[in-house]
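Here is the structure we will look at.
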Amino acid sequence: MHGLEYDLLNDSLADFLDRIERDDNFREKVEGMLSRKNKNNEFSELDNYILSIIKMNVYSKTARFRQKYGLEVQEPDTYIDVDFQRLNIIDERDDNLEREHELQEKERRFKEACDIYGLSQRAQDIFR
């Protein structure tokens, strides 16, 4: 999308605002999304929804934005202008299995402690 970043953003937001004007039910949903935050309280559900619209415009073969500019679809996380042969990448040992086992053990102990002390779901969520 090099050189089309602003066009992508503007088209995505214009489509979103057009839908709000056309559909009263959608307008109500948007108001609800604006008031709800996601789990880490950094962004609202509306922020995530708009970002998903932009992502769809980038990767969907049927997106109007792509058809408008005659763009080919590239796979997610691929960049046309990167010469991977010139990158000096060192393969690091993957400790994901060990880390995953450790996290599972901690989760098991956490659930066990919650059962012993009879913590409510809200208290468990706060503790997490």
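Of all residues in segment 14-35, how many are under 22 Å from Asp125 (Cα atoms) and surrounded by 11 or more Cβ atoms within 10 Å (Cβ to Cβ)? Give the derivation first.
Here is the first cut: in segment 14-35, the ones under 22 Å from Asp125 (Cα atoms) are 33, 35.
Subsequent filtering for residues that are surrounded by 11 or more Cβ atoms within 10 Å (Cβ to Cβ) retains 33.
Matching residues across segment 14-35 total 1.
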Query raised in the report: If you check every pair at least six apart or on different chains, which have Cβ atoms under 7 Å apart with a residue in segment 1-12 that is farther than 15 Å from Gly70 by Cα first and a residue that is open to solvent by less than 60 Å² (accessible area, probe 1.4 Å) and of a type in the set (S, T, N, Q) second?
Result: Ser12/Asn57
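The values are calculated or read from the model by the stated rules, or taken from the named source; none is laboratory data. Nothing here was measured: the structure is a model prediction, and the numbers come from that model. A quick note on method: Cβ atoms are made from the backbone with ideal geometry, for glycine too, and the neighbour counts reach across all protein chains shown. Note: accessible area is taken over every heavy atom of the protein model, side chains too, but ligands, DNA and RNA are not part of it. Shrake-Rupley method; radii C 1.70, N 1.55, O 1.52, S 1.80 Å.
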